[in-house]
Every structure is written in C-alpha cells, then in structure tokens.
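Each remark here refers to the structure printed beneath this line.
The values are calculated or read from the model by the stated rules, or taken from the named source; none is laboratory data. Owing to the predicted nature of the structure, the values given are computational and were not obtained by experimental measurement. Note that each Cβ is placed from the backbone with ideal geometry, even for glycine, and that neighbours are counted across all protein chains shown. To get the accessible areas, we keep the full protein, side chains included, count just its heavy atoms, and leave off ligands, DNA and RNA. Shrake-Rupley method; radii C 1.70, N 1.55, O 1.52, S 1.80 Å.
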Amino acid sequence: MKNQKENIEDKTNSEVDSKTEEQATNVKEETAEAKATAEKADDLDGIQIELSREELIEEVKEKNEKIEEMDAEIDDLLSRLQRLQADFVNYRKRSQREKAEMTDRGKIKLCSSLLPVIDNFERALKAEENEDDFYQGVKMIYNQLLKTFAEHGIEEIIAQGEEFNPEYHEAIMRVESDEYEPGTVIDVVQKGFILDERVIRPAMVRVAG
C-alpha cells in the first residue's frame, strides 16, 4: 500500500514537472517571439525614421531649388523693370528736350519775323523830333513788343560800352575814340537779340579803334 502511494506521488510529481517544463518552454518561446517581434518592430521603426529623414532632406532640397528659381526670376524681373524705368526716364528727358527745342525754334522763328518791325519802330522814333502824343503812342507799342519778347526769354544783347565779342556783336565800322578803349563798342547801329544763350541776331555795332 505504501509502495502504491509512493508510485502515485512519483507519477503526480512527474506530471507536474512535465507540465511545468512545458509551461516554461512555452513562456520561453513566447518571450523569444515577443522579443523577436519587438526587435522587428524596432528595425521597422528605424527604417521608417531613416526614410522619413531622407524624404525630409529631399523635400527641403526641392524647396530650396524652387526658392532659387524664384529668386532668379525675381532678379530677372527687377532687372527688366530697372531697364524699363531707365528707358522711360531717357524717353521723358528726350521728349522734354525735343519739346523745348521745338518751342525755342518757334520763338526764334517768330522773333526773326518781327525783328524788321522792331527796326522800323526804332527808325520811326529816331526820325521823329516832336515827341507828341503820336510819338508817345508809337514808343509805347515799341516797348510792349520788347516786353513781350522778354516775357518769352528773348532779350536784347547788351552792347553799348561793352568789350567787342564776335559771338554777340557784328562790327560794321571802327572809329577812333578818345573816350573809349580800343575794342569797346561805342555805338549800336542795330539791336541784337538772344534766347537762352542762342543768338537770334547779333548786334550791329561800331567799335573803338
């Protein structure tokens, strides 16, 4: 009876040990599997992180290239705008010069056509000895003409008592004079006129010899 009991206990202990070993094996296998799964997951995470890093670098590179292209396009547009502005400024200046030149040519042409009238007024005033109302009226018209010339920039060339200047004076006679130094204009025979340093007609003068 005692032996039978011992056999039962041995059998029971053996079964328990077997189950325990089996459970331990299962636990080891599950642990190993879990560890492998975890390592595999870590590897996948590492690959994903590496891929994400490469993708980010590539994306940044593409954006930098686009920025460089946009900067180059902006620089080109700015350069074109600056050229257009320079062309416009030059065109405006040229137009202003041409307009001013046309205006001056018109003034010169008008003045030249009126100079004989001025000369006739001067002759009439010099010839008239009686300074009556008629004389004063003619003189007033004459002065109005000169004033109108001045308002448009047309001025009389100053010659009387000045040193002879061939650019502004035309000498028609040399006269011996004790009153003036040689080369000095002593008399104006015909008035000259100028517009912005441009001689419309030189003054005809007599010069001290």
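Using a 1.4 Å probe over the heavy atoms of the protein chains, calculate the carbon and sulfur portion of the accessible area of segment 102-203 as a whole percent.
On the way: 3550 of 6930 Å².
Solvent-exposed carbon and sulfur of segment 102-203 make up 51 percent of the total.
As a calculated quantity, the FRET efficiency between residue 143 and residue 123 at R0 = 22 Å, using C-beta atoms, amounts to about 0.90. Full extension of the chain segment joining residue 132 with residue 96 gains 8.1 nm, where the gain is 0.36 nm per residue of separation less the Cα-Cα distance.
Relative contact order of segment 91-209, taken over Cα pairs closer than 8 Å and 6 or more residues apart, is 24 percent. Using the Cβ of residue 176 as centre and a radius below 15 Å, the other residues enclosed give a net charge of -2, where K and R count +1 and D and E count -1. Over all pairs of different C-alpha atoms, segment 170-209 has a mean inverse distance whose reciprocal, the Kirkwood radius, equals 10.6 Å. Seen from residue 194, the other residues with C-beta closer than 14 Å to its C-beta sum to a net charge of -4, counting Lys and Arg as +1 and Asp and Glu as -1.
Shape call for segment 114-209 from the C-alpha gyration tensor, a ≥ b ≥ c root eigenvalues: rounded (a/c under 1.5), prolate (a/b greater than b/c) or oblate? Walk me through the numbers before you get to the answer.
On the way: a/c = 2.68, a/b = 1.37, b/c = 1.96.
Oblate, since a/c reaches 1.5 and b/c is not below a/b.
For residue 148, the solvent-accessible surface with a 1.4 Å probe is about 70 Å², rounded to the nearest 10. Using the alpha-carbon positions of segment 45-167, Rg (one decimal) and Dmax (whole number) come out as 37.0, 123 Å.
Just give me a number: lysine pairs in segment 76-180, eight or more positions apart or cross-chain, with C-alpha atoms less than 20 Å apart.
Working: 99/107; 99/109; 107/147; 109/147; 126/139; 126/147; 139/147.
Here the count comes out as 7.
Solvent exposure of segment 54-209, expressed per residue, is 75 Å² of accessible area, with all protein chains present and a 1.4 angstrom probe. Among 73-80, 108-115, the peptide with the highest mean count of other Cβ atoms within 10 Å heads the list, and the full ranking is 108-115, 73-80.
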